[in-house]
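Okay, so here's the structure we're looking at.
A short reminder: the numbers here are calculations on the coordinates, not readings from a lab. Quick caveat, the model's predicted, so the values are computed rather than measured. A quick note on method: Cβ atoms are made from the backbone with ideal geometry, for glycine too, and the neighbour counts reach across all protein chains shown.
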Amino acid sequence: MTYSVVFKRVKNVFTGLIIAIFYTVNANAENDKSKNELTFGVFPYVAPRVVEKIYGPIGVAFSKILNRKVRFLTSTSYGKFNKNLHSQMYDIVFVQPFDYVEIADKYGYKPLAMRDKRLPAILVARSDSQIKSVADLNGKTIGLPPKTAVISYMTTTYLEKKGFVQNRNVKFVYFRSHFSCMHNVLVNTVDVCGTAPPALRVFKASVLQKLSVIAKTPTISNLLFAVHPRVSAEEIARLKSAILSWRISNNGKVFLSATKVNAYIDAKDFYYDQVREMLKKNKAYMQ
C-alpha cells in the first residue's frame with residue numbers, strides 16, 4: 001500500500017470524524033435550545049390570523065413571566081391542531097373543554113385558569129332573517145364548527161331534545177371553525193350557526209353585518225389555559241398567578257379586552273367531570 005493511499009484513507013476517516021463531531025455539536029445545541037423554549041398552543045376557534053393577533057402578545061407576556069422564550073403556535077384547522085395536541089407538542093395550551101379532558105386524562109395536563117363565565121352554545125341567524133327562534137328551524141340547514149368541538153355536541157343534543165334530527169327535519173353541516181360557520185350564515189349558505197359567545201364577540205368586531213342569537217343551551221365549564229406536566233411547579237405557579245391577576249393589571253386588562261373576557265378564574269380538574277361524560281356520549285354518537 002503506497003503512502004498516498006494510506007494518507008487518503010486517514011484523511012477520509014479524519015474528515016468523517018470532524019463531520020460527525022460537527023453534527024453532534026449542532027444537534028446538542030438545538031436540543032439545548034429546544035429545552036429552553038416552551039410552546040404555547042391555541043386552538044383555532046376563529047381564523048388563525050385572528051388567533052395570532054389575540055394570543056401572540058399573551059405568549060410574549062408568558063416569556064417575560066418565565067424569563068425564557070415562549071413560542072406561540074396555532075393551526076389552520078381543528079384537525080391539525082388536535083394532531084399536534086395529541087403529539088404533546090405544546091407546553092402551555094388554551095383549549096376547548098373536550099380537548100382539555102382528553103389531554104388531562106391521557107397526558108396529565110394540568111388546568112391553570114378558565115374564563116369566568118360558564119359556556120353555553122348559542123344559535124345565531126342573520127339579523128334580517130325570518131328565523132327568530134328554534135321553532136322556525138324546521139327544514140333548515142344548521143352550520144356547526146367541527147364535530148370534535150364541544151359546541152357542536154351541545155348544539156345537536158339541544159336540538160334533538162327539541163325534536164330536530166339530522167336528515168329528518170334539519171340538516172347539520174360542519175365547518176373548520178366558528179368563523180367559517182358564522183361567515184356561511186352571512187352569505188346564506190346555511191340558515192343558522194351553532195357557536196359560542198366568545199367566538200361571536202370576536203366575529204362581530206370584524207364584520208359589519210349583524211347576527212342575532214335565537215337560542216342558548218345549558219352551560220358547562222368554559223375554555224381554559226392548561227400546562228403539560230413537564231412544566232415545573234414553580235413556573236406553573238407563576239403563570240397561574242399572572243393570568244388570575246389580569247383583571248387588576250393594565251396589561252392584563254388589554255389581554256382581557258382582546259379575548260372578550262371579564263376575567264380568568266382558578267380552574268380545577270373536577271370542574272370538567274360533566275364534560276367528560278359529554279365526551280363519552282359524543283364519541284359513541286360519532287361511531
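Just a few scattered comments:
- Our Cα-only numbers for segment 122-216 put the radius of gyration and Dmax at 11.8, 35 Å.
- Here Lys216 is the anchor, and the lysines within straight C-alpha reach of less than 24 Å, apart from those fewer than 8 places off in the same chain, are Lys117, Lys132, Lys140, Lys147, Lys161, Lys162, Lys171, Lys204, Lys260, Lys280, Lys281, Lys283.
- DSSP-assigned coil residues among trypsin sites (Lys or Arg not before Pro) in segment 65-145, each with at most 16 further Cβ atoms within 10 Å: Arg68, Lys69, Lys117, Arg118, Lys132, Lys140
- Segment Gln274..Tyr107, full-extension length gain: 58.2 nm, with 0.36 nm per residue of separation and the alpha-carbon distance subtracted.
- Segment Asn250-Lys80, length gained on full extension (0.36 nm per residue, minus Cα span): 57.8 nm
- Sequence-distant residues sharing a close amide H with Ala263 (under 5 Å, placed H): Asp116
- Helix-only CD estimate at 222 nm, as mean residue ellipticity for the chain, using -39500 (n - 2.57) per DSSP H run (n ≥ 4): -15500 deg cm²/dmol
- Exposure proxy ranking for Tyr272, Tyr100, based on other Cβ atoms within 10 angstrom of each Cβ and starting from the fewest, stands as Tyr272, Tyr100.
- The distance between label points at Asp136 and Gln166 comes to 2.6 nm (points 7 Å beyond Cα on the Cα→Cβ vector).
- Restricting attention to the chain, close to 60% of DSSP beta bridges with both partner residues there are antiparallel.
- P(r) tail fraction, the chain - alpha-carbon pairs more than 23 Å apart, %: 59
- Normalised contact order of the chain, rounded percent, pairs of Cα under 8 Å and 6 or more residues apart: 25
- Rounded D (µm²/s) - segment 52-94, Kirkwood Rh over Cα pairs, Stokes-Einstein at 4 °C, 1.567 mPa s: 116
- Arg68-Ser87 pseudo-label distance in nm [points 7 Å out on the Cα-to-Cβ vector]: 2.1
- Neighbourhood charge, 10 Å Cβ-Cβ cut-off, centred on Val190 and excluding it, Lys, Arg +1 and Asp, Glu -1: +1
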